[in-house]
Every structure is written in C-alpha cells, then in structure tokens.
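The structure appears below as structure tokens.
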Amino acid sequence: GAVVSQHPSRVICKSGTSVKIECRSLDFQATTMFWYRQFPKQSLMLMATSNEGSKATYEQGVEKDKFLINHASLTLSTLTVTSAHPEDSSFYICSTHPLSGQPQHFGDGTRLSIL
Amino acid sequence: AQKVTQAQTEISVVEKEDVTLDCVYETRDTTYYLFWYKQPPSGELVFLIRRNSFDEQNEISGRYSWNFQKSTSSFNFTITASQVVDSAVYFCALSEGAGNYGQNFVFGPGTRLSVLP
C-alpha cells in the first residue's frame, strides 16, 4: 500500500486563490520531506526541503513567501501556494524516506491548474 | 555539482522490441546512489531500482535490466520484449552522499518511451 499520501490529487481554481497541498507519511515518522515541481514535459525539480519543527530550506529561485511550507508534525508536511497564478500551474509531488539508506517514497502528486 | 543526462528525449518502438534508455551522470563524490523511476501518464512515480556506487554488478528483474559502468559514468536501462504498458516517461536520478537521499537528489530530464502495438 501507499507509504506517502498526498492530497488533493487535482485542483482547479481561479487566479488569486491560495491552495494547500498535504503530504502525509503513513507508516513512519518523517523528520524531512521534500517538495518537487514538474512542469509539462519537464523533469522534477526540487523546490524545498521541509524540516519538522524548523524552517524549510528553499532551492534557489523558489519564493518562500509564495510557497509556504509547514511541517508541524512528524507525519505531515503542507505546501501552500499563496495567491496562485496561471504560471503556478504544475504537478507538485512530495517525498520522504523512512531511514537513511532507504529509497525515497513519493506521493502520487497534485496536479494544480490555475485559471 | 552533480548532473544527470538522458540524451534520448523520446523513443518509439514497436511492441516486443528491446529498448535501451541511456543515462550518464556526473558527480565528484565517491559515494552516491543511482535510481530509475517510471512515470506513467497518471503522474505517479514508480520506483524501479537503486544502485550504490560500490556495486557495479548488473541487475535483471524480469524484462528489465540495468547496466552500471563507472568507467563511463553510465547507468543504462534495458526493457526486453517491450509492451504497450511500458509506455511512460523514465527518469534516471542521482543522489550524492552516503545515506541522505533527499538533499542533492537530482533527476535527469527524462525519456518518453512510446511502445506501439
């Protein structure tokens, strides 16, 4: 069964709306989770590293005020796209890994479409 | 900085043909991990294989096989007797370091494989 649950799987909303995406680790505690973004026909790019109980680490070029990350518990990280615009339309996917040395587990992704 | 190159953007084959997806990587670390993931049209990432830098043994899993050559920094993936269900985008990925897969986890650009009936 799924190890990482990501919700919602698809969002369609109007420009200016804020959208929250949840990533849950189902079978283990995850002190670190990762958020990726994938534009159509492109690869996955790491946006940020979410750390439980502390601030997220953002990759260069990713606006931290635009993409708010909260990792308040060991099983849940949330990504909020604030005041989303059409250029934020993308496929967002989270991941985590249970132990050092184990491969990452990815959520099924969230397809965000901003009209 | 590490880098992953998948020179083949798109490949089309006819069912039952064998197909090899190329992956070339760059890293300064001596300890690293290589991965292959499959992304079907539905979008989720399906883990296929992980290989660490100290294990150059080739691997076969059913119709899938992987050839790891440190001398050429390549980690190629072969599908034997391809099937329509193999149609997907395949990503090669690299993670540097001894155990932390999150930081420095880099995906290649992907190869879109279309298997025609």
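Structure notes:
- Residue within the range A:44-53 that is among the charged types (D, E, K, R), open to solvent by 80 Å² or more (accessible area, probe 1.4 Å) and either away from chain B (no Cβ under 11 Å) or outside any strand (DSSP E or B) (or both) present: no
- Single residue of the range A:1-11 satisfying the filter (modelled with pLDDT under 95 and part of a loop (DSSP other than H, G, I, E, B)) that is farthest from the other protein chains (Cβ to nearest Cβ): A:Gly1
- Exclusive hit being surrounded by 20 or more Cβ atoms within 10 Å (Cβ to Cβ) and either touching a residue at least 60 places away in the same chain (Cβ under 8 Å) or away from chain B (no Cβ under 14 Å) (or both), set A:Val81, A:Val62: A:Val81
- Within the option set A:Arg24, A:Arg37, being part of a strand (DSSP E or B), among the basic types (Lys, Arg), closer than 22 Å to B:Tyr33 by Cα and modelled with pLDDT of 90 or more holds for one residue only, A:Arg37.
- Matching residues in the range B:26-36 - criterion: being in a loop (DSSP other than H, G, I, E, B) and more than 27 Å from A:Gly107 (Cβ to Cβ): B:Arg28, B:Asp29, B:Thr30, B:Thr31
- B:Ser95 being surrounded by 13 or more Cβ atoms within 10 Å (Cβ to Cβ) and farther than 30 Å from A:Ser9 by Cβ: no
- Residues in the range A:4-42 that are crowded, with 18+ Cβ neighbours inside 10 Å and either basic (Lys, Arg) or more than 19 Å from A:Pro86 (Cα to Cα) (or both): A:Val4, A:Gln6, A:Cys23, A:Arg24, A:Ser25, A:Ala30, A:Thr32, A:Met33, A:Phe34, A:Trp35, A:Arg37.
- So A:Lys14, is it modelled with pLDDT of 95 or more and not acidic (Asp, Glu): yes
The values are calculated or read from the model by the stated rules, or taken from the named source; none is laboratory data. Quick caveat: nothing in here was measured; it's all calculated off a predicted structure. Every residue, glycine as well, gets a Cβ built from its backbone with ideal geometry; the counts of neighbours run over all protein chains shown. All accessible areas refer to the heavy atoms of the entire protein, side chains included, with ligands and DNA or RNA removed. Shrake-Rupley method; radii C 1.70, N 1.55, O 1.52, S 1.80 Å.
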